[in-house]
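Undergrad: Pasting a structure below so you can have a look.
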Amino acid sequence: MEEHVEAVQRMQDYIQQNLDKDITMAELARISQYSPWYSYRLFVKLLEMTPAVYIRRLRLSKSALRLRDEKIRIIDVAFDAGFESVDGYQRAFYKEFGCNPYEYSMCPVPIYLFKPYGIKYSKRNEDTKVSDVKSVFVQVVEKPERKVIIKRGKEATEYWKYCEEVGCDVWGLLSSIKSISGEPVCLWLPQKYIKAGTSEYVQGVEVPVNFRGEIPNGFDVIELPKCKYIMFQGEPFEEANFGEAIQQIMEAIKKYNPQQIGYQWDISNPRIQLEPIGTRGYIELHPIKEI
């Protein structure tokens, strides 16, 4: 079974790295190290969709971000996404996101982008242990006054429980909303921002304080003040070791005393977690205030 997971992960990695190229089943089979027929079966079994559907959904999500951020013709986006006609692209876009690509480009609304997890990393690793000590980069950063569009859970205090409560597709929707920080965030909310019967841990996207865009159904908006944070960033890590990378940063945070640089922890502002991406290292931001 582990060999099957590794094979599908290799196919996922190849697709992500070659999304702008022509990807054939023969090439995916070569990457998986199984026959085309068996590679196809493994992919469908573990990811519950065909490679063609998986690739199309990734390309559509990439095209949606281009329509959101670039002044570009629909025909160019359609051909770049591998579609042979604008009509075919428009039908696929509407089926995936429930809106017309031209209308979306004129007025981007929150949509559920396809943000798949690697099959190898989609399960919690209960046996994670911190091994060798690694470097942790520490820096004081400042966030402006802002709004955060959040999706609340029920009792979650961490990512895995949150996904059980609200699902893992929230991240795709948040990614479609243009953020002042360039990406969605996870937050541990102080008590004053927590509604009765909802979770401490939430996912959200930071937007300007004058944001007037559409708020997705079931989401809330909170306003956060200007605040300084200490950013803790670990070394780059192999994606399979993300649990260890997170624990190493958490251990470093426990040992860190902000008083040595003239600050103390600020419990009135949320702690922030960024998506664990191996190439940049795991990142958490903890709010501080001057002593």
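Undergrad: Quickly run through segment 20-30 and pick out the residues that are within 17 Å of residue 116 (Cβ to Cβ) and either in contact with a Pro (Cβ under 7 Å, 6 or more places away or on another chain) or at pLDDT 95 or above (or both).
TA: Residue satisfying the conditions is 28 alone.
Undergrad: Oh, and also: Can you find a residue that is free of Cβ contacts under 8 Å to residues at least 40 places away in the same chain and not β-branched (Val, Ile, Thr) anywhere in segment 109-116?
TA: no
Undergrad: Going by what's in this entry, would residue 243 be described as outside any strand (DSSP E or B) and either more than 30 Å from residue 8 (Cβ to Cβ) or out of contact with any Lys or Arg (no Cβ under 9 Å at 6 or more places or on another chain) (or both)?
TA: Judged against the criteria, residue 243 is not a match.
Undergrad: Within segment 127-139, identify whether any single residue is touching an Asp or Glu at 6+ places or on another chain (Cβ under 9 Å), surrounded by fewer than 16 Cβ atoms within 10 Å (Cβ to Cβ) and either farther than 19 Å from residue 250 by Cβ or at pLDDT 90 or above (or both), and answer yes or no.
TA: So far as segment 127-139 goes, yes, one or more of its residues are touching an Asp or Glu at 6+ places or on another chain (Cβ under 9 Å), surrounded by fewer than 16 Cβ atoms within 10 Å (Cβ to Cβ) and either farther than 19 Å from residue 250 by Cβ or at pLDDT 90 or above (or both).
Undergrad: I'd like to verify a number: residues in segment 134-168 that are over 20 Å from the mean Cα position of the chain (by Cα) and among the β-branched types (Val, Ile, Thr), how many?
TA: 4
Undergrad: Another question, if that's okay. Is there any pair with a first residue in segment 236-264 that is more than 14 Å from residue 282 (Cβ to Cβ) and a second that is in a helix (DSSP H, G or I) whose Cβ atoms are under 8 Å apart and which are 6 or more apart or on different chains, and what are they?
TA: Taking only residues 6 or more apart or on different chains, the pairs are 264/258.
Undergrad: Sticking with this one: Please go through segment 204-234 and give me each residue that is exposed (fewer than 15 other Cβ atoms within 10 Å of the Cβ) and either touching a helix residue (DSSP H, G or I) at 6+ places or on another chain (Cβ under 8 Å) or part of a strand (DSSP E or B) (or both), ordered by number.
TA: Hits for segment 204-234 are 221, 223.
Undergrad: For segment 67-94, how many residues meet the condition of being outside any loop (DSSP other than H, G, I, E, B) and surrounded by 15 or more Cβ atoms within 10 Å (Cβ to Cβ)?
TA: Summing the residues that are outside any loop (DSSP other than H, G, I, E, B) and surrounded by 15 or more Cβ atoms within 10 Å (Cβ to Cβ) in segment 67-94 gives 11.
Undergrad: Mind listing whichever residues of segment 180-197 are surrounded by fewer than 19 Cβ atoms within 10 Å (Cβ to Cβ) and either part of a loop (DSSP other than H, G, I, E, B) or modelled with pLDDT under 95 (or both)?
TA: 180, 181, 182, 183, 190, 194, 195, 196, 197
Undergrad: Ok, one more. Scan segment 169-224 for residues that are within 26 Å of residue 266 (Cβ to Cβ), among the hydrophobic types (A, V, I, L, M, F, W, C) and in contact with a Phe, Trp or Tyr (Cβ under 7 Å, 6 or more places away or on another chain) and report the count.
TA: 3
Undergrad: Of all residues being small (Gly, Ala, Ser) and within 22 Å of the chain's Cα centre (by Cα) in segment 246-291, which is surrounded by the fewest Cβ atoms within 10 Å (Cβ to Cβ)? Just the residue, please.
TA: The qualifying residue surrounded by the fewest Cβ atoms within 10 Å (Cβ to Cβ) is 278.
Undergrad: Same structure again: Got a number for residues in segment 25-41 being among the polar types (S, T, N, Q) and more than 11 Å from residue 11 (Cα to Cα)?
TA: 1
The values are calculated or read from the model by the stated rules, or taken from the named source; none is laboratory data. From a predicted model like this one, the values you see are computed outputs, not experimental measurements. Because the Cβ atoms are built from the backbone with ideal geometry, glycine has one as well, and the counts that use them run over all protein chains shown.
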